[in-house]
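The values are calculated or read from the model by the stated rules, or taken from the named source; none is laboratory data. These numbers were taken from a predicted model, which means no experiment stands behind them. Backbone-built Cβ (ideal geometry, glycine too); neighbour counts: all protein chains shown.
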Number of protein chains: 2
Amino acid sequence: MEHKLALIGCGTVGQGLLQILHDKKDYLRDAFGFEARVVAISDKLKGSLLVPEGIDIPAVLELLGQGKSLSDYPKVLPGQTEPLDPLDMIERTDADIVAEMTYTDIKTGEPATSYIKKALRTGKHVVTSNKGPAALHYREIRELARQNALQFRIEGTVMSGTPVFHLAEAGLAGNAVLEFKGILNGTTNFILSKMETEGMDYGPALALAQKLGYAEADPTADVEGFDALAKVVILSNVLLGGSLKTTDVPCKGISAITKADVEAAKAQGLRYKLIGHAKIDGGVVTASVSPQKLPLSDPLAGVMGAQNALSLQTDLMGKITIQGAGAGKIETGFSILSDILAIHRC
Amino acid sequence: MEHKLALIGCGTVGQGLLQILHDKKDYLRDAFGFEARVVAISDKLKGSLLVPEGIDIPAVLELLGQGKSLSDYPKVLPGQTEPLDPLDMIERTDADIVAEMTYTDIKTGEPATSYIKKALRTGKHVVTSNKGPAALHYREIRELARQNALQFRIEGTVMSGTPVFHLAEAGLAGNAVLEFKGILNGTTNFILSKMETEGMDYGPALALAQKLGYAEADPTADVEGFDALAKVVILSNVLLGGSLKTTDVPCKGISAITKADVEAAKAQGLRYKLIGHAKIDGGVVTASVSPQKLPLSDPLAGVMGAQNALSLQTDLMGKITIQGAGAGKIETGFSILSDILAIHRC
């Protein structure tokens, strides 16, 4: 079966997705009977492209790799590169799936939330890697999807393509998740790992993370725990059935942790990790983000460097832990593909 | 949708499944629209029961808990407790799913393989926790299922209900698995953990495992690696597309490992684990089972006690590791339910 895809946002994640769709075209067709035609791209910076017969992926990746605009796409018909706002693009394309991959605004969830609602109202499934809509408006969007008999899928919002939502939905279906603890931000885990294994102080470890591209020039969202907070809210609301807002969750980052703190913990056989935690008790969901000193016997204690991991406490299977990448162009591009394949399977 | 289930074998795993089906009846109906009617049970030791209108699960669990036979099932109609061989039962029941949960014979795969083939030939999906058929006849059975447009599912054959096949099939679909390394036997991991953390020698650690019920009176299958070997063959053939036989895989257990070996490894910052390993290289799949000294940075090194874990090396997502229970009545009973729910979703 062929799916028609519209990409809203075509930065790192979108280009990762396009790369995989191109490289794995034959494999996906042979293994799953899956074919994808990318019929529309809209990106605020890179322009737009509306090509119902399907874009030439290598040509688009070459353009974008050269920093050019989609308006330079060769051999188009009149109107195909006419600048279109994402909302207009979603309205006009005949795609059956919209992949929403714009930047996260964790305060408003916009403009992504408007894009997603427009897609669902015009009959298109939505997959997204954007934490804003999932953290702020999950229930409302899910209900809108349900009313339209469409899917709203968010694998890439937490731990990139490491399949946490697929895990809960497929392999662990039938379990109740009672509690989770996770290392949900790779940057802070990298910094804490360097502080322990190489005896670095916080400042130099952060500077190294920035030099290696793990941390932004303004590292606030990572080191103060706000990125992990958004993910905790998403996981709480999806896995525990909560209705938390980001303001409901106490959040403390790692910027006050010193080399001496890390060494004192180590001397006690403990290891600092920035832990996103939530549990349901008597129907009430509570959550937090804070640095925790874990015993080395905890499956999360061994997770070093920029990796992510999540432990789910379930009623039937006890504790299940999954560890993998938490970021990356191909890894997050894959998260989008994994959700598209889930729609394909249904 | 209601499914009619036939249980072949009703020991620990079958009773675990019945317990979950009973305890979670309302939840499974409300969350997934899933209802199950158990219409047949056949167990070589416990007798048989053919009740098309559905058995009374608590009554059966009470009988079996008291060590009684299914022929003591109350209020049955004539013929319903007539002793039926599993093959006759599979022939006569109108179940749409057969759960095959008899004992593993890793040399022949029988009689389970005959039961499974009979079920597929009479139009029934099959789910099994039995390593024999999956390790010895996976391709043949899968092809028979395909020809009959039925499913043959084996989640419980490796790591009980910790979802390794679901993970590969759903969340990681689209990835090629290139290599795996796993701690696939909880008994040996328990023994090695005790040898390291409590300085026990092999003999006393094995005796403790036997006392706690982790190891059998004859521990050969666990400690010589044969149980892990069967799982490596299954994983290789399912995840890597191999066609290995158990005799193709070099297998070494842990019985020759001494306290001194464990301590020498520890002094080097390494930890002994019994590792099942396989990789595909140039289209050729090779595999092994052997004790390995892992650096503590390996995600498998932190897996202590009777837990299991599996690291998959994939082309898109890099290394993904899942850790969880490897055995248990409810955990393995759940593995059967997870496969039944997968059939239900299709």
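Listing for the model above:
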quantity	calculated
Residue satisfying condition, being touching a Phe, Trp or Tyr at 6+ places or on another chain (Cβ under 7 Å) and either surrounded by fewer than 19 Cβ atoms within 10 Å (Cβ to Cβ) or away from chain A (no Cβ under 12 Å) (or both), within set B:265, B:306	B:265
Qualifying residue in segment B:21-43 (condition: at pLDDT below 95, of a type in the set (Lys, Arg) and over 21 Å from the mean Cα position of the chain (by Cα))	no
Condition broken by residue A:95, with the remaining ones in (1) assigned to a loop (DSSP other than H, G, I, E, B); (2) surrounded by fewer than 23 Cβ atoms within 10 Å (Cβ to Cβ); (3) among the aliphatic types (A, V, I, L, M) satisfied	(2)
Of all residues in segment A:316-330 being over 14 Å from residue A:164 (Cβ atoms) and facing another protein chain (nearest Cβ under 9 Å), the one that is modelled with the lowest pLDDT	A:328
Residue within segment A:269-278 that is in contact with a Pro (Cβ under 8 Å, 6 or more places away or on another chain) and at pLDDT below 95 present	yes
Any hit, segment A:133-144, residues being in contact with a Leu (Cβ under 6 Å, 6 or more places away or on another chain) and within 21 Å of residue A:244 (Cα to Cα)	yes
Failed condition for residue A:229, given (1) within 27 Å of residue A:151 (Cα to Cα); (2) within 14 Å of chain B (Cβ to nearest Cβ); (3) surrounded by 24 or more Cβ atoms within 10 Å (Cβ to Cβ)	(2)
Looking only at segment A:154-165, and only at residues there that are outside any helix (DSSP H, G or I) and closer than 19 Å to residue B:312 by Cα, the one that is nearest to the other protein chains (Cβ to nearest Cβ)	A:163
Selection status of residue B:290, at pLDDT 95 or above, assigned by TED's automatic domain parsing to the domain that holds residue B:178 and farther than 30 Å from residue A:328 by Cβ	yes
Residue check, residue A:76 farther than 23 Å from residue A:337 by Cα and in contact with a Leu (Cβ under 8 Å, 6 or more places away or on another chain)	yes
Residue match in segment B:114-127 (condition: surrounded by 24 or more Cβ atoms within 10 Å (Cβ to Cβ), within 14 Å of chain A (Cβ to nearest Cβ) and of a type in the set (Ser, Thr, Tyr))	no
Test: residue in segment A:70-90 that is modelled with pLDDT of 95 or more, more than 25 Å from residue A:123 (Cβ to Cβ) and basic (Lys, Arg)	no
Some residue of segment A:136-153 being within 14 Å of chain B (Cβ to nearest Cβ) and in contact (Cβ under 8 Å) with a residue 24 or more places away in the chain	yes
From B:38, B:13, B:98, residue being under 21 Å from residue B:342 (Cα atoms), away from chain A (no Cβ under 14 Å) and either touching a Pro at 6+ places or on another chain (Cβ under 7 Å) or touching a residue at least 60 places away in the same chain (Cβ under 8 Å) (or both)	B:98
Search result, residues across segment A:14-37 that are small (Gly, Ala, Ser) and surrounded by 14 or more Cβ atoms within 10 Å (Cβ to Cβ)	A:14, A:16, A:36
Condition broken by residue B:288, with the remaining ones in (1) within 11 Å of chain A (Cβ to nearest Cβ); (2) at negative phi satisfied	(1)
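Each row is one residue, and each column tells you yes or no for (1) crowded, with 22+ Cβ neighbours inside 10 Å; (2) within 14 Å of another protein chain (Cβ to nearest Cβ); (3) of a type outside the set (Lys, Arg); (4) within 30 Å of residue A:164 (Cα to Cα).
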site: B:167; (1), (2), (3), (4): yes, yes, yes, yes
site: B:184; (1), (2), (3), (4): yes, no, yes, yes
site: B:195; (1), (2), (3), (4): yes, no, yes, no
site: B:210; (1), (2), (3), (4): no, no, yes, no
